[in-house]
1. Using +1 on the beta carbon of Lys and Arg, -1 on that of Asp and Glu, and nothing else charged, what's the dipole of segment A:1-46 about the Cα centre, debye to 20?
2. Taking 8 Å as the Cα distance limit and 6 or more residues as the minimum spacing, I'd like the relative contact order of chain B as a percentage.
3. Just want to confirm a number: the relative contact order over segment B:132-282, from Cα pairs under 8 angstrom separated by 6+ residues, in percent.
4. Please compute the average number of Cβ atoms from other chains found within 10 Å of each residue's Cβ in peptide B:237-244.
5. About the Cα centre, and with charges only on the beta carbon of Lys, Arg (+1) and Asp, Glu (-1), how big is the dipole of segment B:132-282? Nearest 20 debye, please.
6. Only four residue types carry charge here, +1 at the Cβ of Lys and Arg and -1 at the Cβ of Asp and Glu. Report the dipole size of segment B:83-125 about the Cα centre in Debye, rounded to the nearest 20.
7. From the backbone phi of segment A:245-259, what are the Karplus-calculated ³J(HN,Hα) couplings (6.51 cos²θ - 1.76 cosθ + 1.60, θ = phi - 60°) in whole Hz, Gly and Pro given as x?
8. Rounded to whole angstrom, how close does the nearest chain A beta-carbon get to the axis mapping A onto B, and which residue is it?
Number of protein chains: 2
Amino acid sequence: MTSPQISKEIQLAARPIGMPKPNDFRLETVTLPALGAGQILVRNLFLTVDPYMRGRMNDSKSYTASFALNETMTGGAVGEVLESNSDSVHVGDFVLHDLGWRSHAIVDPARAKVVPALPSLPLSVYLGVLGMPGMTAYAGLLRIAEFKAGETVFVSGAAGAVGALVGQIAKLRGARQVIGSAGTAEKVQHLEQKLGFDTAFNYKDESVAAQLGKAAPDGIDVYFDNVGGEHLEAAIGAMKPFGRLALCGAISQYNNTSAPIGPRNLALAIGKQLTLRGFLVGSHYDLFDEFAQEMTGWLESGKIHFDETVLEGIEQTPDALIGLLEGRNTGKMIIKL
Amino acid sequence: MTSPQISKEIQLAARPIGMPKPNDFRLETVTLPALGAGQILVRNLFLTVDPYMRGRMNDSKSYTASFALNETMTGGAVGEVLESNSDSVHVGDFVLHDLGWRSHAIVDPARAKVVPALPSLPLSVYLGVLGMPGMTAYAGLLRIAEFKAGETVFVSGAAGAVGALVGQIAKLRGARQVIGSAGTAEKVQHLEQKLGFDTAFNYKDESVAAQLGKAAPDGIDVYFDNVGGEHLEAAIGAMKPFGRLALCGAISQYNNTSAPIGPRNLALAIGKQLTLRGFLVGSHYDLFDEFAQEMTGWLESGKIHFDETVLEGIEQTPDALIGLLEGRNTGKMIIKL
């Protein structure tokens, strides 16, 4: 490094109680150490915020380790290599890595993946449709929920990065009917008019059970759960025999300060012979090549539509996460630096 | 038939609210019609009562159709053929069929299965260890919960007909540890001293979560649920990553008059990547021959212990069902006629 590199970074200032607030975060200016043997210096171009990050802000055990107080948070990022002491990663390469929440990062190349620039798509797709959210939708729908052509699929959080892809993949793979729920009239309209959902509804308009019952009077075969709570209970009630529920997220409960209500009708799973399966995408990367090939084909042929809600500037990252948890995004929430 | 055959039968007199009461049932004396073409007349020797029957007493949809008011109830039975108009079933044969809750039945042979008398076992085993409850334990543990040798198994209702077999099959198939819960000190002692459970506890002594945590501080791989409610929630909390829960019954909830509490911690299924699978034994009879062969071997070699709680006389059948729902049985509840 010719001169000390400055990084602007977001640290966890306080553990949130309920919905995170701006002063739970702190913007720090950090002088990075000299580049070590084999390391690369990356200027981040795009950062991601994802719902699972809310759990990591708690002290309690979540999917992954908690973020440490007064340290820089982490998460997916795509950046450009500014300097390299690595034989395999070169200056000018673009890399996907997990040292997000900062403008610059010193990265071990073993924890970075070189990704090609794409002729017609922004590099942020590696954080969305061609990245973790895309894989989540693909593995969750096809492997966890064992979706088959001809089935009826319901997905909650359908305007989110994962949900929007679940619905579209289901249609492309031959779903009889795809139903999505979202939290605003605009999102509902978007699902039906842009994303090809057969039916969409605003879960705030009327009970989920009532709206789902109207949308699918004969029941559903697959439920992809991003939300938990009332949605999950309604889906259990609507499942056909031998239905499958992929439990991917429970965003309705992430800011709970008291114990949530469990699905009171879970005993229906016995008579209906349902399977509820929780999953983390990290366990299913054996599907990645198949996913990347099929998704790239859909993208190139214009069969998959993806949305991004983009905020600009590292200082917007906390608000991006808060906005995500409040449902202010349509599609993938991205921070552009 | 040389003379009209009289049958004593139990009819559903009223739909129970909460726990069934004796006057929800009525003992009737019925004159059977003449035997039709191909039919057989069976004198029932043993009747069964099983937890699922409680659901059938309600008007609401359950696993199977509701019992009709003022009609004779149905359920498993083993009997001897007194008369036969069938070419395939002969006088003197013993048959397993589903016209229980009565002393005599006119049966279509297509709905009856001829079973051999056994040298050292009562015919009632076809209603228990070699019948539906045995198959339930076998299919639920091995297929639904995908139990593998070396795993830790927790089963609720462990002194019941199904639970007692789940624990023993798990041990015979190489479980590292088998834990059972029951509702009396005598049952707990029986599980540990007679049935080979490694650990058993009385769920009335202390919270299930606390007792399960002590019994399996490192967690459990498989939970076989006969009970629902608090047990299910505690098991979800204790599951190891990639654990499987076979949802077989929810006897704690069958007499609920209000909505039960769902497991408030179900969102843990995401991070732990759990599978909860409800099942009905009727969907798994493709395993029957394998089950019957393995179970018969275990019985012949004395490796499986089975208990029966036997009440005598058709008029005891309602009390047998009430007793089963109250947990008064150890092992299979049987009515001997």
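1. 100 debye
2. Working: 746 pairs, mean separation 58.3, N = 337.
Once normalised by length, the contact order is 17 percent.
3. Values: 317 pairs, mean separation 34.2, N = 151.
Once normalised by length, the contact order is 23 percent.
4. Details: counts 0, 0, 1, 0, 3, 3, 1, 1.
Averaged over the peptide's residues, the number is 1.
5. Value, rounded to 20: 360 debye.
6. Details: 3 positive and 5 negative charges, 33 e Å.
Using Cβ point charges on Lys, Arg, Asp and Glu, segment B:83-125 gives about 160 debye.
7. For segment A:245-259, the Karplus curve yields 10, 8, 9, 9, x, 9, 4, 5, 10, 5, 9, 4, 10, 10, 4 Hz.
8. For the rotation taking chain A to chain B, the closest Cβ gives A:Gly262, 1.
FYI, it's all coordinate maths here, none of it is from the lab. The model shown is predicted, which means the values in this text are computed figures rather than measured ones. Neighbour counts run over all protein chains shown; Cβ positions are idealised from the backbone, glycine included.
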